[in-house]
Every structure is written in structure tokens, then in C-alpha cells.
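A.B. asks: Questions regarding the structure given below will be posed in turn.
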Amino acid sequence: MLWVALHLPALSLEAFSALLGPDKAAQPTALVAQHRIEAVNPVAAALGVAPGMKRATALALAPDLLLGVADPLRDAEALQAVAHALLAFTPTVVPVPPCGLLAEVQASLRCFGGAARLWSRMADAVVPLGHCVQRAHAPTALGALLLARARDEPEPPSHLTRSALCSSDPAWAALHQHLLGLPAVWLAADEAACAQLEAMGLRTLGDLRRQPRAGLARRFGPGLLLALDRAWGTVPDPLEPIAPPLRFHSHAELWARADDTDALLAGAQVLLARLVAWAQARHARVQSFALLLHHESRLRANAQGEAGAHVSRLDIVLAEPTGDARHLHAVLRERLARELLAAPVLSLGLVCDTPVLGPPPDGELFPSLAGQREGLLRLAERLQARLGADAVQRLAVQADHRPERATLRQAIVGSPPDAMAGTAPQSAPQRLTRPAWLLPEPRPLPERQARPWLDGQPLHLLAGPERIESGWWDGDLVCRDYFIAQAPAGPLLWVYRLRPAPPQGEPGWFLHGRFG
Amino acid sequence: MTPNATPVCESRRAALLCEPSGLHPGLWRAAGQPVGPAGAGVLPSGFAALDAELPGGGWPVRVLSELLLPEPGVGEIRLLAPMLARLARAGRSVMLFDPPAEVNAVALAELGWPAGQCIVVRSAAAPAASGPPRTSAPQRPVPASRRAPGAPASTWAVEQALRSGQAGAVLAWPGRAARPEALRRLQLAAPAHEGPAFRLRVVASARQPSPAPLRLALQPAGGDELWLQVVKRRGPAMSQPLRLALAPVLSERALAKARALQAGWRPASLVDAPSRPFAA
């Protein structure tokens, strides 16, 4: 068994800073719990702010300190996101709150090509979530966790590729050797036990091991001895691995009230990183998700004074499922750019109910038509997110004699992919019978001297009539005689005359199209 | 020039002076014959007379060309159709941005252009940019933010399509948003696009300057023909407008009737003064 432990020492501060946005990365930041500073970032530490200070002292040392409230729920969600990222490598991942993670990777070593490659791929998976990580591996879970806490930088990949379960293995000896020097208070259950350990002069785990077991059990209870034995590997340590939830639901409270959509982007990016980690854990890709905006409820009252629902929902549907966080962020950014906020936003939620299960398609070394189609769909998604769902349309020919119904326009996202193949066109241009431009509404033309006039100029009918009578079955009967006319300036126009002739006073000639 | 230059250097120098574009793509000859073999950077237009007038022998790729029309529907689609149909049949898609009317897929099929490869983008429904966002007041909707205040959505859409390099050809109708700084942004994005790009403008005269390297003025010539004048190109000025025969719409009898109507009538030229190759 090879356990890898990840210790995230600054998890709560990083979970808070991620919501501030990249422009506040250089400012001193601190978290406050019960009126005392709990965690500080390096910029604030350089100014002299330290954990345990009072708020007023910290603000006096650093006047532009950004203070946030410590939130265990936010930390738990951040830890869960990192756990989901690790689930792509092994099914046995155990989060250890408040800021630790355990993963059993013995069975994954061969699949990922050795320990060194596995460590680097794990590091790449965790980097987008933006946490600094201390990593250690050991044959026991608790031992790995303690070693990870003791490290300052990630250890280099060692020669531990296989380790047996017997305790005479050199890996075990190294583990026991390292564990002897770690502080004993890390195994203490509460403050009283810590104080008692210090009073008794037991500073390291080696000191604890040298004491008689019966005495330790009497003074500290069975918990301390059990933890010690589990770390040493003499007692089995059954752990319950997590499973990714079937539906993704995550929440992020914004640092400040958001009045425009740009301020939502930082929080949305955090949520999208978590969504991608969850999708990877489930070996799926994301095709549709919804962003929930929680407003201040009292500002959403309508004209009658009743408070409406204070959550608005933005649904985003993609043409093809993707696991690329950058593309999701680009689409969401364009969609938010044209969205009108009904009220200032306090917090964001992200829901994804239906991921697309299955492995992603193979990548391509050389660009091909299929790769270009995917790139075109991504471009169309971005354009649709900004311009609207019906802004980008693909054309198709429909078999209908009525000219206005012969062209089918479908929104490009959501249409089946094999609509790309059009009808087999003729190669040599025969005589054209239909105009390239059709007016959306036929324009009535005045009639003088038995011919239609356009903009004060008579039209000369050159060809026709072509009689089109169709559409009696769906109530949209069309009876028209089409002529090709030429304006004095030269362009060719497609005009029609209604059949039967309308009563006097109503227009009988209409301009329907131009031959482009 | 060193006194003992070899004949090889001399001949190479002479060849470079004859064809300076071999040295750098930004160099071109101002006077002399513009006709040359169709290089890698041009697409044949399907009209031999037009290919003879275009620099390189066809429609240029990776640049934004301009077509100036008196009104939409003078024959510009039939002019571009042979080249666009060939692109579409090869599997590349053609994107049309804000066309002046609805595109008829049946007509495209008759021109040999598969309708499935035609994508129409309309940005008219997008809300116009209104400047920096205002902070909210209670009971009033908060306007969305804009990243580029003042840039119309249509220019943004064309720029995204050019920059992505995924479209086979781009045709844009800017309408009222034909501003010089918008055109400059599109020119900067055009080299990323692997295909021809056209901007079709309805103008009364071609006097407004524009940084497009190729500008053509079109006018209907009655029947199935088109008067075409190259207003600006990388080469000598065009002395006479060209009369091109487009894909036929009329039968012979109708064509004779059209010619009889147009006999002796020459359209007012879109170009007021003979254009010079260095006029921007």
C-alpha cells in the first residue's frame, strides 16, 4: 500500500483569495475568526500581521488589509474540489478535514508510468485550483499525513515504486525513522491533551513511543495509542474513500456585492475550476450547466411590493461536451457580458445535473476537417453567447415551392452534426431561377400604366410569369405570378403579382427578392 | 556593388527587381504588368478577365478586401460565387455577417454552393454598447458591463471569426458601423484568417479613404452583366472599367430585351477621379 498525503497549509486563505480576483493578489489579506486573526498571506506577514492578533492591531499595522471571515463551509468545498481532482488518478481518496487529503496509489503506479510521472501529473491536476501543496508518501495513511505536515517543499520522487506489507522493508524503516522526530502534539485530540503532553515533557513521537503503553492509555485514553499504532503501521487503518456526487452543486459567496457582471467573473472562475475537477473525477465532460445568481432579496420586490424569488438562473448549453476550463470560462464571460443584472449579486452557485459520461475523443496531431469543425463550433458558441441564441444560424434547403419557406434556418448550437453535409450541388451554373436575396417581408409596389414602379422608376418585366401556387394544406396559401424585372439602374429584381387580383386600392405587385 | 560580382549575383538581382515580392511579401511593383501566375496567396475568381486585373491573378487571402456597391443586389453574390462555391465544396465554411436581406438557400444550391456550409450571423439583436457601467440604484435594473465601450457587436463578431482562423471565407456587411478604426482592427485580425475576407459596403461614391489593400466598385450593367472598376490595388491603376458576364438568369430573348433597354446608357462612375496606386 502506498499512501500519498497532500497537506494544504493555506487552504482557507487561498479559498478566500480566489474569490477576490487577480487584481487583488498583491494586497495583504487575512482571515478573521472570533475577532482574532487566524491566517495571513505572505504580503501581510511581511508587514508584521501575525495569527492571534486582534483586528485593531492588524489594521494598525497594515491599513489596506483585506479582511475576510473564516468559513469552514468554504474550506470544505475547496478541499472537496482538490479531492475530485485526485479522483482522476485513483478511486481511493480520503479527505481529512480541515486541510489534508489522502490517496492510495499503489495500484495506479504502473498505469501512470511510475512514481515520478504520477507525482507530476497530480501536481498538474491540482495547480489550476490554486493551492500550495505539501506532499509526502508512506506505507501508512496517518504516517504520510504527518510527514506531509512536516515538509516545507514537495519531496523529490524517490525510489519507492513498490512496497511490501512486511515491516522489514526499507520503506518502513525510513518511515519510522522520520516519524520519530515529529511533534507529539500533532496526535493530541484536544487542547487539554496538548497541555498535558507538554507538562509531561513528551515533545516528539519518539518520546511517546518510549513510554509504557498502559500508562499512556490511562492518562490520555485509547485514542492516542491507536493513532500512534496506526501511524507506525502495526494496526490496520480502515478509511472510507469518497465518491464524487452524481450532481454537481457548488456555492461561492462573493467578497463584495457585485454591481456589474465583471465582478462576477472571479467567483465564476473558481466555480468552473471545481466543475471541471468534478467532471474529471466522474470521467465525464460538461455540455450544459447553470449559473445561479443570488440577489439581495429585498431589492427584488416587484411593483406590487411582493418579494420575488431572489435567485436568477443563467443556463449555458454548449454544442459539444468539453472538459476545457478555459473554453467554459470564455463562453461564460461572453454570456455574462450581455446579461442585464436585475439586482446586485451577493453569491453565486453552479449546478450541473447531466454530465456526458465517456472518454473524450482522441486528439489530433495534424489539423483535419473534423478538428476544424470543432473549432468552428467553439467560435459559434462564443458568438452565440455574446449575440444571442438565434444569432448564429446555419442554412439548409427545404423542399417547398413557397420561396419564403424554402430556406431552413437553424441555430448552429443544438443542430445535429451531420447537417454539415448539404445537398449535392450542380457543378456548372445553369440558368438561375431564384434570387440570392429574399426580402423578409415582400414590399408592396405601386402600379401605374399596368407596370410596377419602384422608387419612382418603372420596372421592365423581362421574364415570366412563373406561377407558384402552394401551401393549401397548412393554411398559408400562396398564389403568385413571379416575374424577373429590371430597374432602370440595371439590377435584376424578382417581383410577383397576386392571383387573383386584389380589390382596387390594395397593392397587387410586390418586390420579393434581388438577384445578387 | 563589388567590382568583381559574379554573373549569378547579377542575374539574381535582376530577377528580384522584376519580381520584388519574392524578397518580402510587403513589396510589390507599382508599374508594369500586374498579371502573374496565381501564387499561394490568391484564389482564382472564376472569371478570366477579372483574374487578369487582380494582383496575383485571383482574390487575395489573409487580407480584407472591399467591394463598393450602389445598392445590395447588383450581382455581388454571383461575382463571388465561383470562388466561394469551390471553398464550400472543399469543406470550408463561409460566414456571412449581417447580410442586408435573407439569404436564399435554393439560389445558393443553383450556384453550386452547398447551403450547409453557409453560416449567417446577425448581431442586430445584441444590445448596443453604452459606455462604462453605472452603479445600481434600488428598484432599477443594473446594466451589464462592456469590455470595449463603443465597439459594435458586429465588428467584434467579424474580428472573432477572422482571428479564430476557422472560417473558410468571411463576408461582412458593416452597414452604418463602417468606421475607420473598426476597419483598422479588422485589417489587423485578417492575417490570422486563412481565406478571403470581404467587406461589402453600400456607398454613393468611392472617395472615402480606406486601408483595405484591394477595393472594387461594382455597378449593374443590365442583363446579366456587371461593370467592375478596381479602385485600389497593388499595381497600376485600372484605366477602363471591366464588363463581366455573370451567371445567367435571363434567357436569350429576355437578354436581348434587357440590352435594348440599356442601349446607350452608361452608368455614372462610382470613381470620380482616376485612382492612383498610392492613394490610401
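The values are calculated or read from the model by the stated rules, or taken from the named source; none is laboratory data. Owing to the predicted nature of the structure, the values given are computational and were not obtained by experimental measurement. With ideal geometry, Cβ positions are generated from the backbone for all residues, glycine too; neighbour counts draw on all protein chains shown. Areas reflect the complete protein model, heavy atoms only, side chains present, ligands, DNA and RNA absent. Shrake-Rupley method; radii C 1.70, N 1.55, O 1.52, S 1.80 Å.
A.B. asks: How far apart, in nanometres, would the label points at residue A:398 and residue A:481 be if each is projected 7 angstrom from Cα along the Cα-to-Cβ direction?
C.D. replies: 2.9 nm
A.B. asks: Let me ask something else about it. Using a 1.4 Å probe on protein heavy atoms, which residues of segment B:85-103 have at least 10 Å² less accessible area in the complex than alone?
C.D. replies: B:89, B:90, B:91, B:92, B:93, B:95, B:100, B:101, B:102, B:103
A.B. asks: I would also like to ask the following. Can you give me the P(r) profile for segment B:167-255? Cα pairs, bins 10 angstrom wide beginning at 0, each as a whole percent.
C.D. replies: Reading the bins upward from 0: 13, 38, 33, 13, 2.
A.B. asks: Taking Cα pairs under 8 Å and at least six residues apart, what relative contact order does chain A come out at, in percent?
C.D. replies: In percent, rounded to a whole number, it is 11.
A.B. asks: Which whole number gives the average, over all residues in B:211-220, of C-beta atoms from other chains lying within 10 Å of the residue C-beta?
C.D. replies: 1
A.B. asks: If r is the Cβ-Cβ distance from residue A:47 to residue B:10 and R0 is 56 Å, what FRET efficiency results, to the nearest 0.05?
C.D. replies: E(calc), rounded to 0.05, equals 0.15.
A.B. asks: Please compute the Kirkwood hydrodynamic radius over segment B:44-97, one decimal place, Å, based on all pairs of different Cα atoms.
C.D. replies: 12.4 Å
A.B. asks: Provide the gained length on full extension for the span residue A:217 to residue A:36, in nm with one decimal, where the gain is 0.36 nm per separating residue minus the Cα-Cα distance.
C.D. replies: Here the answer is 61.6 nm.
A.B. asks: Treat every Asp and Glu Cβ in chain A as -1 and every Lys and Arg Cβ as +1, leave all other atoms uncharged, and give the resulting dipole magnitude about the Cα centre to the nearest 20 debye.
C.D. replies: Taking the Cα centre of chain A as origin, the dipole is about 380 debye.
A.B. asks: Based on the Cβ-Cβ distance from residue A:195 to residue A:362, what FRET efficiency comes out when R0 is 45 Å, to the nearest 0.05?
C.D. replies: The computed FRET efficiency comes out at 0.15.
A.B. asks: Ranked highest first by average number of other Cβ atoms within 10 Å, how do B:248-260, A:278-290 line up?
C.D. replies: Result, highest mean first: A:278-290, B:248-260.
A.B. asks: Hey, could you grab the Kirkwood Rh for chain A? Inverse mean 1/r over distinct alpha carbon pairs, Å, one decimal.
C.D. replies: When all Cα pairs of chain A are included, the Kirkwood radius is 29.1 Å.
A.B. asks: If you don't mind, another one. Need one number: nm distance between label points at residue A:210 and residue A:283, each 7 Å from Cα along Cα→Cβ, rounded to one decimal.
C.D. replies: Output for this residue pair reads 5.1 nm.
A.B. asks: Let me ask something additional. Please list, ordered by chain and number, the residues whose modelled amide H lies under 5 Å from the amide H of residue A:509; skip anything fewer than 5 residues away on the same chain.
C.D. replies: Long-range HN contacts for residue A:509: A:445.
A.B. asks: Charges on Cβ only, +1 for Lys and Arg, -1 for Asp and Glu, centred on the Cα centroid of segment A:210-286; of A:215, A:269, A:283, which one is farthest towards the dipole's positive end?
C.D. replies: A:215
A.B. asks: Here's another thing I want to ask about it. Can you give the net charge of the other residues whose Cβ lies under 13 Å from the Cβ of residue A:221, counting K and R as +1 and D and E as -1?
C.D. replies: Taking every other residue near residue A:221 into account, the sum is +2.
A.B. asks: By Kyte-Doolittle mean hydropathy of at least -1.0 and Cα axial length of at least 20 Å, which whole DSSP H helices of chain A are selected?
C.D. replies: For chain A, where a helix must reach 20 Å along its axis and average at least -1.0, the hits are A:72-86, A:264-281, A:369-387.
A.B. asks: For every other residue with a beta carbon closer than 12 angstrom to the beta carbon of residue B:195, add +1 if it is Lys or Arg and -1 if Asp or Glu, then tell me the sum.
C.D. replies: For residues surrounding residue B:195, the net value is +2.
A.B. asks: Excluding ligands, DNA and RNA, what is the solvent-accessible area per residue of segment B:179-222 at a probe of 1.4 Å, expressed in Å²?
C.D. replies: 39 Å²
A.B. asks: Ok, one more. Please work out the average accessible area per residue across chain A, using the 1.4 Å probe convention, and give it in Å².
C.D. replies: Dividing the accessible area of chain A by its residue count gives 50 Å².
A.B. asks: While we're looking at this one, here's another question. Suppose we keep just the DSSP beta bridges with both residues in chain A; what percent of those would be antiparallel, to 5?
C.D. replies: 95 percent
A.B. asks: Okay, next question. Counting only protein heavy atoms and a 1.4 Å probe, tell me what percentage of segment A:451-516's accessible area is made up of carbon and sulfur.
C.D. replies: The C+S portion of the solvent-accessible surface of segment A:451-516 is 52 percent.
A.B. asks: Under 5 Å between amide H atoms, partner at least 5 residues away or on a different chain: which partners does residue A:296 have, H built in plane at 1.01 Å?
C.D. replies: Counting only residues 5 or more places away or on other chains, the set is A:346.
A.B. asks: If you take every residue apart from residue B:54 with its C-beta less than 14 Å away from the C-beta of residue B:54, what net charge results, scoring Lys and Arg +1 and Asp and Glu -1?
C.D. replies: After counting each charged neighbour, the total is +1.
A.B. asks: In peptide B:68-76, how many Cβ atoms from other protein chains are near each Cβ within 10 Å, on average?
C.D. replies: Across B:68-76, the average partner-chain Cβ count within 10 Å equals 5.
A.B. asks: Along segment B:117-122, what does the Karplus equation 6.51 cos²θ - 1.76 cosθ + 1.60 (θ = phi - 60°) give for ³J(HN,Hα), rounded to whole Hz, x for Gly and Pro?
C.D. replies: Per residue, the Karplus-derived 3J(HN,Hα) values read 8, 9, 10, 10, 10, 10 Hz.
A.B. asks: Another question, then. Run the Debye formula on the Cα coordinates of segment A:1-123, all scatterers equal and no solvent, and tell me log10 I(q)/I(0) at q = 0.15 1/Å.
C.D. replies: With one equal scatterer per Cα and no solvent, log10 I(q)/I(0) is -0.74.
A.B. asks: If you don't mind, another one. Which whole-Hz couplings ³J(HN,Hα) result when phi for each residue of segment A:98-107 is put into the Karplus expression 6.51 cos²θ - 1.76 cosθ + 1.60, θ = phi - 60°, listed in order with x for Gly and Pro?
C.D. replies: x, 8, x, 9, 10, 9, 9, 10, 4, 6
A.B. asks: Taking every residue in B:248-255, how many Cβ atoms of other protein chains lie within 10 Å of its Cβ, on average?
C.D. replies: Whole-number average of other-chain Cβ neighbours for B:248-255 is 5.
A.B. asks: Continuing with the same structure: Report the label-to-label distance for residue A:506 and residue A:411 in nanometres (one decimal), using points 7 Å from each Cα along the Cα→Cβ vector.
C.D. replies: So the label points at residue A:506 and residue A:411 sit 3.6 nm apart.
A.B. asks: Additional query: ³J(HN,Hα) across segment B:9-15 via Karplus (A = 6.51, B = -1.76, C = 1.60, θ = phi - 60°), whole Hz, x for Gly/Pro?
C.D. replies: 4, 4, 5, 5, 5, 5, 5
A.B. asks: Provide the buried accessible surface between chains B and A in square angstrom, both chains summed, 1.4 Å probe, rounded to the nearest 100.
C.D. replies: 6400 Å²
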